[in-house]
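Here's the structure, in structure tokens; my notes come after.
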Amino acid sequence: MTYPILYSFRRCPYAMRARLAIASSGLTVELREILLRDKAPEFLATSPKGTVPVLIAGNVIEESYDVMRWALEQSDPENLLTPMTKAAYALIEQTDGPFKTALDRTKYAVRHPDLDPAESRATAASFIEKLDTQLNGKPWLFGDEPSLADLAILPFVRQFARTDLDWWDAQPFTHAQNWLAAFKASDRFASIMTKYTPWKSGDDVVLFP
């Protein structure tokens, strides 16, 4: 039996969100771990832009959010799509837009010598404050159960927190901190962070999850 092929990189937040949705859906894919500094030619032939995730499922899907939708629109046992409102989609857009820009300018400040990394971090933190308000009184962004928005956003909040964990822990947004801490301690997170040997042509098939 052949399965859809997912090109992935373990630590990439875009690839994480794709794996989270696939794992939740219960679908099975063939996982091919990519080494970003030495990308397999078969991967580049499939997706010349060379970023992960990439899903081959009849057609080629090159955007992480589209991979999430591909999985959950086929199978959504956790009802991750049910609580998705315009506000939820707006949070994902803000994550992928202004927040990710500010995150990158914070994490890779050396690449942006003309920018003040403290200002970039403050811009990112203002979005975390918005999430913190949204999380007040509930474990997930939109209630007692997770949504597509939670799984789409959490990998990027994790990446931002890791730019300076001492700073993160000292901030007043306790709801967002608890949300991230619960996610990192969960079986859900552990299950998508298995380490794989980088794929090369001829390797045995690795199935995920």
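Just so you know, all these numbers are worked out from the coordinates, no wet-lab data involved. Worth saying up front: this structure is predicted, and the values here are computed from it rather than measured. Neighbour counts are summed over all protein chains in view; Cβ atoms, including those assigned to glycine, are modelled from backbone coordinates with ideal geometry.
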Among the numbered conditions (1) surrounded by fewer than 16 Cβ atoms within 10 Å (Cβ to Cβ); (2) in a helix (DSSP H, G or I); (3) in contact with a helix residue (DSSP H, G or I) (Cβ under 9 Å, 6 or more places away or on another chain), tell me where V60 comes up short.
(2)
Residues within the stretch 1-53 that are assigned to a loop (DSSP other than H, G, I, E, B) and of a type in the set (A, V, I, L, M, F, W, C), tallied
9
When residues of the stretch 15-30 are filtered for being in contact (Cβ under 8 Å) with a residue 60 or more places away in the chain, closer than 25 Å to R158 by Cβ and surrounded by fewer than 21 Cβ atoms within 10 Å (Cβ to Cβ), how many remain?
1
Are there any pairs, at least 6 apart or on different chains, whose C-beta atoms fall under 8 Å, with the first in the stretch 47-72 and of a type in the set (S, T, Y) and the second in a strand (DSSP E or B), and if so, which?
S47/Y7; S47/V54; S47/V60
Of all residues in the stretch 31-46, which are without any contact (Cβ under 8 Å) to a residue 60 or more places away in the chain and within 17 Å of the chain's Cα centre (by Cα)?
L36
Regarding the stretch 80-92, can at least one residue be identified that is closer than 30 Å to T133 by Cβ, free of Cβ contacts under 8 Å to residues at least 24 places away in the same chain, basic (K, R) and surrounded by fewer than 18 Cβ atoms within 10 Å (Cβ to Cβ)?
yes
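Which of the residues belonging to the stretch 150-209 are among the small types (G, A, S) and either closer than 16 Å to Y14 by Cβ or assigned to a helix (DSSP H, G or I) (or both)?
Initially, the stretch 150-209 is screened for residues among the small types (G, A, S), giving 152, 161, 170, 176, 181-182, 185-186, 190-191, 201-202.
Matches in the stretch 150-209: A152, A161, A170, A176, A181, A182, A190, S191.
For the stretch 90-106, check the following and say yes or no: at least one residue is part of a helix (DSSP H, G or I), basic (K, R) and over 18 Å from A176 (Cβ atoms). Before the answer, list the steps.
Just the residues of the stretch 90-106 that are part of a helix (DSSP H, G or I), to begin with: 90-106.
If we keep only those that are basic (K, R) as well, we get 100, 105.
If we keep only those that are over 18 Å from A176 (Cβ atoms) too, we end up with 105.
Yes, because at least one residue in the stretch 90-106 is part of a helix (DSSP H, G or I), basic (K, R) and over 18 Å from A176 (Cβ atoms).
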